[in-house]
Amino acid sequence: MTAPNRNALWGRALVDELVAAGVDSVVVSPGSRSTPLTMAAARHDDLRVFSQLDERSAAYFALGRARRTGSVTPLICTSGTAAANYHPAVMEASEGRVPLLALTADRPPELRDSGANQTADQEKLYGDAVRFYKDLPEPAPNDRALRSLRTTVSRAVATAEGADPGPVHLNVPFEKPLEPTRVPGDVPADLDPIAEAGRDGPYVDVTPGSPEPGDDELRKLANELGATDRGLIVAGPADPPGIDAESVTALSHATGFPVVADPLSNVRYGGHTRVAPVIGAYDAYLSADVAGEGGGGEGGSDGGEGADPATGWTDPEVVLRLGASPTSKNLRKYLAATGADQYQVDPAGRWREAEFAATDLVVAEPSRLCARLSRLVGGGGGDPDWRAQWEEADRVARGIHGRERKATGSEAGDDLPTPDDPVGFHEGDALRAVADALPDPATLFVSNSMPVRDLDRFVGPTTTSLTALGNRGVSGIDGIVSSALGAGSATTDDLTLVVGDLALYHDANGLLAIDRCDVDATVVLINNDGGGIFHALPIESFEPEFTESFKTPHGVEFEPLADLHGLAYARIDARSEADEDPSDVAAELESACERARDADGSHLIEVQTDAESSHRTRERLAGAVEAAVHGGGPD
């Protein structure tokens, strides 16, 4: 059992404890200083090793895998800039509450601040973004040091996956020799077997717990919900491993409240949508102006029944908010303007409501809280007219967007108004076509900027067992490809990634994981040749600065990228005139996704769109929805 040298002993003990704590895979990038850790991982029979050449891609791959599973996939890298390349993913993991464990190899302490090659200050490299940091001591072949190491590793995994999950950083210094070459006398033969080989199971078995209110506080909240006619349950983006949709459905049934479900909440999709009032098109018909008379008083402008006399729209009295801040800005602004009592539920007791309109912070695990409340709530089950208001608004919005008829196979959309101007294919249609082509079950990863917003607005609830994921912690476009492939590595579900051209370009290195990590994916590229989201901002009207410094057209050809990584390639040109029938383009994209799904290997489907035309179409559709829901609409 004795190791050939102290570094090999240290690396083996550290990796053994990872496995004992439940870790089943690691992501390793090549480097010399990390050799003791890499060799220990590669030689462990119970560990899958993913090899990633690019540390930034490696970190996002591990993050995506953890986002899908809720369990940590540790990272191993060498010293110097390798560790710095983890930083963007560490930031995302911190704000997105994704378990991440960075094991950064380092030079021995005496070489720090000496000008030694590939040596940098790695102590507290990620600042306050990590939940726990420790600069490990140099490997020492004695009982106490090994017990300390095993205890630290157990704590690190437990912290990363705890009630406030997030990144943890262990800095691991090594002197040479780094390889498992024998150094006579380096490791004593009389080490305590428990210190050297560990215990049966984790060295420190951490029993997790979930915070929750006491019985009196819980009953008080249940009584308030039960006495409320007009309440909402708002499910924002879920922290791993997600919000239990069945618990939310049970609470919705008990209270009679509609469920406004973000596409990344785990609540918008699944069989429960057959029986629960799950609302998905709210981004199209909500705004601060809808609340009361543009943000007025509690319960609406009349202070009585709560309906705006100009529109007939009724505001909530109570809102129960689960998960992170919703993707939809319109929803966030609307909730702030209603003046309703808002209960923000957070298992870590942290603030996640940037409008600062919430009235109460409930420290509790959301799924368990909903399950307990559903058993305690009494009363009349809410106002049926209130639920009908939301369900009808959603029906109208989805019909105008073109989804209602396809979803029902009927002529249910014939009574709905249409925009004054012709509406051609737009990027929201692309998200609908992709969603319609997904098998059951499926994992869908969406990029930031417009894809996640189009998913939010244009893809409504469905009974498909769909896991929709995105990086909404700090909402960057870096690492999207790697995150998606990391998520795909953790499931047998079909994996589809919808990504913009800038995000794909930014993380093109991530495509190496398709081959190196044995992940199949269908990558749907929305290529509008630049930063399309900037068309939604006032800077659009300032030229030439807008084009040169914001939209930044690049003219990149992506077919060679598919060839480079062995992806089957298809191109769909959706840059049509506005008066052309968009259904042909949508059908072509849907068919392309279905062919990719049924074929072997990975695929890149490029959809060429016009960013400005798509944005103008979104505006026309929004006007039609607003008129139909709040202003009567055309006859």
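Things worth noting here:
- In this structure, Pro208 qualifies as in contact (Cβ under 8 Å) with a residue 24 or more places away in the chain and either within 27 Å of Arg350 (Cα to Cα) or in a strand (DSSP E or B) (or both).
- Taken as a whole, the structure leaves Ala484 outside the set of residues that are touching a Leu at 6+ places or on another chain (Cβ under 6 Å) and not in a helix (DSSP H, G or I).
- Any strands (runs of 3 or more DSSP E) falling wholly within the stretch 225-341 and containing at least 2 residues that are at pLDDT 95 or above, more than 20 Å from the chain's Cα centre (by Cα) and under 23 Å from His630 (Cβ atoms): 231-235, 318-322
- Residue among Arg571, Arg575, Arg597 that is assigned to a helix (DSSP H, G or I) and either among the basic types (Lys, Arg) or out of contact with any Gly (no Cβ under 7 Å at 6 or more places or on another chain) (or both): Arg597
- Taken together, Gly201, Gly185 contain a single residue that is surrounded by fewer than 22 Cβ atoms within 10 Å (Cβ to Cβ), touching a residue at least 12 places away in the same chain (Cβ under 8 Å) and on the phi > 0 side of the Ramachandran plot, which is Gly201.
- The stretch 212-238 residues that are closer than 18 Å to Ile279 by Cβ, paired with ones that are of a type in the set (Phe, Trp, Tyr) and outside any loop (DSSP other than H, G, I, E, B) (beta carbon under 7 Å, 6 or more apart): Asp229/Trp386; Arg230/Trp386
- Unique residue being in a helix (DSSP H, G or I) and either loosely packed, with under 15 Cβ neighbours inside 10 Å or at pLDDT 95 or above (or both) when the list is Ala354, Ala393, Ala407, Ala358: Ala393
- Residue in the stretch 478-497 that is at pLDDT 95 or above, crowded, with 24+ Cβ neighbours inside 10 Å, within 14 Å of Tyr269 (Cβ to Cβ) and out of contact with any Gly (no Cβ under 8 Å at 6 or more places or on another chain) present: yes
- The single condition from (1) surrounded by 14 or more Cβ atoms within 10 Å (Cβ to Cβ); (2) touching a residue at least 24 places away in the same chain (Cβ under 8 Å); (3) of a type in the set (D, E, K, R); (4) not in a loop (DSSP other than H, G, I, E, B) that Glu612 fails is (1).
- So Leu9, is it crowded, with 24+ Cβ neighbours inside 10 Å, within 19 Å of Glu138 (Cα to Cα) and out of contact with any His (no Cβ under 7 Å at 6 or more places or on another chain): yes
- Set side by side, the residues Glu557, Glu590, Glu594 differ, and just one is of a type outside the set (Gly, Ala, Ser) and without any contact (Cβ under 8 Å) to a residue 40 or more places away in the chain, which is Glu557.
- Residue satisfying condition, being of a type in the set (Asp, Glu), at pLDDT below 95 and surrounded by 14 or more Cβ atoms within 10 Å (Cβ to Cβ), within set Glu175, Glu138, Glu196, Glu161: Glu196
- Here the stretch 204-218 is the region considered, the condition is being loosely packed, with under 14 Cβ neighbours inside 10 Å and of a type outside the set (Ser, Thr, Tyr), and the residue that is farthest from Trp390 (Cα to Cα) is Asp205.
- Every residue from the stretch 453-465 that is buried (at least 24 other Cβ atoms within 10 Å of the Cβ) and of a type outside the set (Lys, Arg): Asp454, Leu455, Asp456, Phe458, Val459, Gly460, Pro461
- Pair list, Cβ under 7 Å, 6 or more apart: the stretch 506-523 residue more than 15 Å from Leu53 (Cβ to Cβ), other residue assigned to a helix (DSSP H, G or I) and of a type in the set (Val, Ile, Thr): Ala521/Ile514
- Hits in the stretch 592-616 - residues which are closer than 15 Å to Ala430 by Cα, within 27 Å of the chain's Cα centre (by Cα) and not charged (D, E, K, R): Ala592, Cys593, Leu604, Ile605, Val607, Gln608, Thr609, Ala611, Ser614, His615
The values are calculated or read from the model by the stated rules, or taken from the named source; none is laboratory data. This structure is a prediction, so every number in the text was calculated from the model and none was measured. Counting neighbours? That spans all protein chains shown, and the Cβs are built from the backbone with ideal geometry, glycine included.
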